[in-house]
Amino acid sequence: MIKELSNKIVNSVANDECSKDDIEQMDYALRTILYEFIKAFSLIIIFSLFGYLKQSLIITVMMCLIKPFIGGYHEETQIKCFIATLLLAAGILILSLQCSLSFVSNVILIVLSIFCIWNQAPIINSKMPLTNLELIKKNRIRGVRNSIIIGIISIVLYNYSNYYLLITWTILFEALLMFDKRKY
């Protein structure tokens, strides 16, 4: 349903001057945004019902700023993807509530995560393959840049708020999910 909607929107917006690559980029971006929006909105609603609105917003924003650009683990269907995302977010929340980190441990986890992202990104999804090398390069730069900025925010927040834990665990989980070696 989302794929058809995305195709219709892109085809109605595209003009004769748009190349096949331009249309591919627009379609990929729109589909990614639509899928992520639906998952994010649903995740926030569910966690809000349990009293974790702020935490769910932080986790969701962090995921949306990193995952679309670095790629990684994917499920076969959007429902399975949503369930996996829900379980990952619950894991991040539980870890942030149960485990505190020293400043040095926090920095090490962030640096290790950013190194993994820098070394692996982007992981191309076989369900939504990118063929444009320029777009692949841009996604890599965006993913690494966003991870660095978010990592710095976590380090700065260390002495001021426990929300740094949500950020650190989210970056770490996103980096770990890049190492999916499952064959499709």
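Observations on the structure shown:
- For segment 146-166, residues that are touching a residue at least 12 places away in the same chain (Cβ under 8 Å) and in contact with a Phe, Trp or Tyr (Cβ under 7 Å, 6 or more places away or on another chain) total 4.
- Filter result for Ile2 (among the β-branched types (Val, Ile, Thr) and surrounded by fewer than 18 Cβ atoms within 10 Å (Cβ to Cβ)): yes
- Single condition Ile152 does not satisfy, out of (1) modelled with pLDDT of 90 or more; (2) buried (at least 17 other Cβ atoms within 10 Å of the Cβ): (2)
- Test: residue in segment 28-48 that is closer than 26 Å to Tyr158 by Cα, in contact with a helix residue (DSSP H, G or I) (Cβ under 7 Å, 6 or more places away or on another chain), modelled with pLDDT of 90 or more and among the aliphatic types (A, V, I, L, M): yes
- Selection count where residues are under 20 Å from Lys54 (Cβ atoms) and open to solvent by 50 Å² or more (accessible area, probe 1.4 Å), scope segment 158-178: 5
- Taking the criterion of being surrounded by 13 or more Cβ atoms within 10 Å (Cβ to Cβ) and not in a helix (DSSP H, G or I), the residues of segment 97-121 that qualify are Leu101, Ala121.
- For segment 57-115, a tally of residues being among the β-branched types (Val, Ile, Thr), within 19 Å of Ser161 (Cβ to Cβ) and free of Cβ contacts under 8 Å to residues at least 24 places away in the same chain returns 3.
- Filter result (exposed (fewer than 12 other Cβ atoms within 10 Å of the Cβ) and over 20 Å from Phe82 (Cβ atoms)) within segment 11-60: Ser12, Val13, Asn15, Asp16, Glu17, Ser19, Lys20, Gly51
- Screening Tyr73 on (1) open to solvent by 40 Å² or more (accessible area, probe 1.4 Å); (2) at pLDDT 90 or above shows it passes everything except condition (2).
The values are calculated or read from the model by the stated rules, or taken from the named source; none is laboratory data. Since the structure is predicted, the reported quantities are computational estimates derived from the model, not experimental observations. When we count neighbours, we look across all protein chains shown, and the Cβ atoms used for this are built from the backbone with ideal geometry, even at glycine. Accessible surface is based on the protein model in full, side chains and every heavy atom, while ligands, DNA and RNA are left aside. Shrake-Rupley method; radii C 1.70, N 1.55, O 1.52, S 1.80 Å.
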